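Beneath this line is the structure, given in structure tokens, with notes to follow.
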Amino acid sequence: MNAASSDRRWLFTIAILTGSFLLFLVQPMVARMALPQLGGAPNVWNSAMLVYQALLLAGYAYAHAIGRFPVARQVAIHIAVLLLAAFSLPIALADIAAPAPGMEAVWVPWLFLLTVGPAFFAVSAQAPLIQRWYAAHPGAGNPYPLYAASNLGSFAGLLTYPLLLEPSLPTSMQSAMWAAGYALLVVLVVAAALSRFTTASASVDASAQEEAAEPLGWRRIAMWLAFSAIPSGLMLSTTTYLTTDIMAMPLLWVIPLGIYLLSFSVAFSDKGRVAALIVMIAPVILLVDGAVAMFTAGRADFVAAVASLVLMFVIAVALHARLYADRPAASRLTQFYLVMSAGGVLGGLFAALLAPVLFDWTWEHPILILAAAALVPLDHWKPWLGRLIPDARTQRMALAVVLTLVFVGGSWIQKLGVETGWMGLAELFAFALIVALSIMLAAKRWSFVLAMAAVLLAFGGVRQISTSFTGDRARSYFGIYSAGPNEAGDMVLLHGTTVHGLQLSEAGRRQEPTSYYVPPSGIGIAMAKAPELFGPEARIGIVGLGVGTLACYRQEGQDWTFFEIDPLVYDFSQRGVFSFMDDCAGDAPVLFGDARLELEEMPGDSFDLLAIDAFSSDAIPQHLLTREALEIYFNVLADDGVAMIHISNRFVDLRPVLARLARDKGYAAARRQFVPESDYTAATPSIWVALSRDPAQIEALTAGSEWRDLGEPKGGTWTDEYASILPHLIWANFL
């Protein structure tokens, strides 16, 4: 019998692949289940990731704790754990009360823990355990490359969900299929375990001897933690960028996580040729993409998105390669993975929990980039300066001069870029020269870290620091908001990169509706015709406060109610930064919390007109556009009531989604697409859709102005269990 068949490597590989596939298939699946309750804030996914990392850490700790037992006992314990966790299947969202405003950061992790905790814990432990069982065979080879197989399985699970499962099956069927996969995993784990029973007792004594021969110091463990924490934190901060400005959906959630997992497969490869190449170019990529990340901060830019993903992948491979190079003997395998998992949790804690509380901007991203500069290998670049300048004192002087040139040149390029919107050929040439000079600074660790800091500061860091100290910027669980005057002196509120409101500064015009809400827009027409459609005492609900622009459409006798998920948004009106609410609707109630949940608790026939205008930066929360959501809206609307839904979006065409929903429910519908004249700077292009049970109301609303029908539906009906945006992406706008 040859070694390959006797050590059953193929069986262990399949078992690990299956477990990892299930583990990372369930992550976006549970997040998708939770969308109707949690909305689409990027921090929802970051909170979910933090829970998954904590459960992974617990699973690795459990695997390490039982690793000293004979294999037979390990098997008995682990099979019992797997069977106990099976009682929590099929996975269904935990039924707990909605969070109080401001408590989302605690409530969201608790929901995910209750929903998926037992099954995730049991499956997460199987990868290190099975690698340990594999290594127990006297003829087994290096077990660490099995971790690369584990991450390939994880990567496949992540891709399978948004590309195959989510567009094809409702979440209830997804959960049932996952439970079937879990049963298959139990069978594979038992089969792998049975092949190791004969080596059980010997492996324990040998492991104890190996561990005694290789003590681990705190410095080595600290480096393992750092090599793990930085890629984990960068993965979450990159996710925040993507999901804030496009859409909160599993397809975008899984891209950074998938790349993060792929980095392990590259770094833990036996041959390591690709990893070696990436490690060599890592300092260059760090400088280039770090500069691009800071330069494009505050813009929804495809180049910036790609650069951020490349940066994250290269840093992750470089640092994970250092982890692999410093791996201990197989007897320390479970401890190594335990420390590595703890590092992932530390990175997650920093990016998901601490950063939103400590910072008013995404400062975690440049901080993590700077930390990466302190750890990426520089071996390929260090000898260069010594060959050019042998004298150590002259080297230090040269490095100081180059560092000054990098900062001054970067500041010049950044200033020109802000004025022109991007870099011209001259600026691009100068940028390439700055990167070349910066690589000289990789001759020393201290000078490379300073070079990275200079690049980050020059290409936007100084501007962001100035805004933090002098601007009106705030951060909450739901995003980053900044208020300030534009070139015309008018006050603007930005959420991420998207304008969420504008108030004119000119005397006599401060109550004039602007941006998406000007009188010729769909909502402007609906507000002007409200007395005609519903009488002088119309009851109007506004989902999404923004700066309160719509408040100034309020007429005497009307009853208005606002819904806002983030109290921080209302604070801008309370502090007088924007005065729409005080000027026009100071006595109107503002209900805090997810509007869908708040509306569900209200009695029927509460409103005549309901405006749905809830955005997270440029992303429209998907859970507000499902069949169940529309049923909630129309339950609180009068029989002749009208729902006005704002669907302006750069990346997703939501018109066919509403067309499908309107056709399925038999609603009359119309679409108003408004494009302002070029000299009307206070107005923003907008698309509003009107829906009503009563066709006569739609006819009356659209009379006298240009409205269109919704056209043909496309894709399936969006429900709380099924929704896919793949058919509705506007691919041209990503370029």
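The values are calculated or read from the model by the stated rules, or taken from the named source; none is laboratory data. Since we're looking at a predicted model, the values are computed, not measured. Neighbour counts are summed over all protein chains in view; Cβ atoms, including those assigned to glycine, are modelled from backbone coordinates with ideal geometry.
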| field | Residues (surrounded by 17 or more Cβ atoms within 10 Å (Cβ to Cβ) and within 22 Å of Ala690 (Cβ to Cβ)) located in region 502-519 | value | Pro513, Thr514, Ser515, Tyr516, Tyr517, Val518
| Checklist (1) of a type in the set (Val, Ile, Thr); (2) more than 16 Å from Leu456 (Cβ to Cβ); (3) at pLDDT 90 or above applied to Ile367, failing item | (2)
| task | Test Asp391 against the criterion of being out of contact with any Gly (no Cβ under 6 Å at 6 or more places or on another chain) and at pLDDT 70 or above, and give yes or no. | result | no
| Taking only pairs six or more apart or across chains, which ones have beta-carbon atoms under 7 Å, a first residue in region 181-195 that is at pLDDT 90 or above, and a second residue that is surrounded by fewer than 18 Cβ atoms within 10 Å (Cβ to Cβ) and not in a helix (DSSP H, G or I)? | Tyr182/Leu89
| note | Wholly inside region 250-362, helices (runs of 4 or more DSSP H) that include 2 or more residues that are closer than 19 Å to Ser228 by Cα, among the acidic types (Asp, Glu) and free of Cβ contacts under 8 Å to residues at least 24 places away in the same chain are none
| Within region 470-478, is even one residue closer than 26 Å to Leu701 by Cα and touching a helix residue (DSSP H, G or I) at 6+ places or on another chain (Cβ under 9 Å)? | no
| note | Counting only residues in region 253-274 that are surrounded by 22 or more Cβ atoms within 10 Å (Cβ to Cβ) and either at pLDDT below 80 or not assigned by TED's automatic domain parsing to the domain that holds Met312 (or both), the one farthest from the chain's Cα centre (by Cα) is identified as Val254
| Among the helices (runs of 4 or more DSSP H) confined wholly to region 407-523, which include 1 or more residues that are at pLDDT 80 or above and of a type in the set (D, E, K, R)? | 445-456, 462-470
| message | Looking only at region 269-283, count every residue that is of a type outside the set (A, V, I, L, M) and under 18 Å from Met312 (Cβ atoms) and tell me the total. | response | 1
| message | Out of Leu568, Leu545, I need the residue that is within 25 Å of Trp688 (Cα to Cα) and either assigned by TED's automatic domain parsing to the domain that holds Ile698 or in a helix (DSSP H, G or I) (or both). Which one? | response | Leu545
| request: Please give the number of the condition Ala723 fails out of (1) among the small types (Gly, Ala, Ser); (2) modelled with pLDDT of 80 or more; (3) buried (at least 20 other Cβ atoms within 10 Å of the Cβ). | output: (2)
| query | If you go through region 695-708 one residue at a time, do you hit one that is of a type in the set (S, T, N, Q), at negative phi, over 26 Å from the mean Cα position of the chain (by Cα) and in a strand (DSSP E or B)? | reply | no
| Hits in region 649-684 - residues which are buried (at least 21 other Cβ atoms within 10 Å of the Cβ) and of a type in the set (S, T, N, Q) | none
